[in-house]
1. Specify which residue in the list 108, 46, 80 is farthest towards the positive end of the charge dipole of the chain, using unit charges on the beta carbon of Lys, Arg (+1) and Asp, Glu (-1), about the Cα centre.
2. Relative contact order (percent) for region 1-131, with alpha-carbon contacts under 8 angstrom and 6 or more residues of separation?
3. Taking 0.36 nm per residue of sequence separation and subtracting the Cα-Cα distance, how much length would be gained by fully extending the chain between residue 8 and residue 99, in nm to one decimal?
4. Which parts of region 69-101 would a label at residue 125 reach, counting a residue when its backbone N lies under 19 Å from a point 7 Å out along Cα-to-Cβ?
5. With every protein chain present, what is the per residue accessible area of the chain (1.4 Å probe, Å²)?
6. Give me the percent of the accessible area of region 38-99 that comes from carbon and sulfur atoms, probe 1.4 Å, all protein chains in place.
7. Using protein chains only and a probe of 1.4 angstrom, how many square angstrom of residue 64 are accessible, to the nearest 10?
Amino acid sequence: MTAFVGLAAVDHVQLAAPPGSEDALRAFYAGALGMTEIPKPPVLAARGGCWFAAGPVQLHLGTEEDFRPAKKAHPGLRVTGIVAYAARLEAHGVPTEWDDNLPGHRRFYAHDPAGNRLEFLEPDADAEEPDADAA
């Protein structure tokens, strides 16, 4: 019998950002989101950008000349304690926009300093109940 050959997991998501935005990206992804910056291989580090991880989740930010953020495309990031996580972002000056259009989930959107849209979601069964002031 042959072993299954196919997709096993998402290794990382690549997002683009304008050249020279690395310090703002570090403040957002490491500071506000609480991710850890991981080193890029030297040949790739020469191109600019930065990579971040939180557990098995990796986001790679690469620089792109004439960068324009996508209006709709985004990674969907599963979180725990979504209300507290949104409050963390807001405490770092990151606006959040709650959206109740995905049945079975609590979710909100935020944008990184380059304008990339990020979706944060948690299944309802695990979601905290928001305070009237939090949402």
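The values are calculated or read from the model by the stated rules, or taken from the named source; none is laboratory data. From a predicted model like this one, the values you see are computed outputs, not experimental measurements. Because the Cβ atoms are built from the backbone with ideal geometry, glycine has one as well, and the counts that use them run over all protein chains shown. Keep in mind that these areas ignore ligands, DNA and RNA; they rest on the heavy atoms of the full protein, side chains included. Shrake-Rupley method; radii C 1.70, N 1.55, O 1.52, S 1.80 Å.
1. 46
2. On the way: 216 pairs, mean separation 31.9, N = 131.
Worked out over region 1-131, it gives 24 percent.
3. Details: separation 91, 0.36 × 91 = 32.76 nm, distance 2.96 nm.
Between residue 8 and residue 99, full extension yields 29.8 nm more.
4. 78-83
5. On the way: 8370 Å² over 135 residues.
Per residue, the chain has 62 Å² of solvent-accessible surface.
6. Details: 2180 of 3860 Å².
After summing per-atom areas, the C and S share lands at 57 percent.
7. 80 Å²
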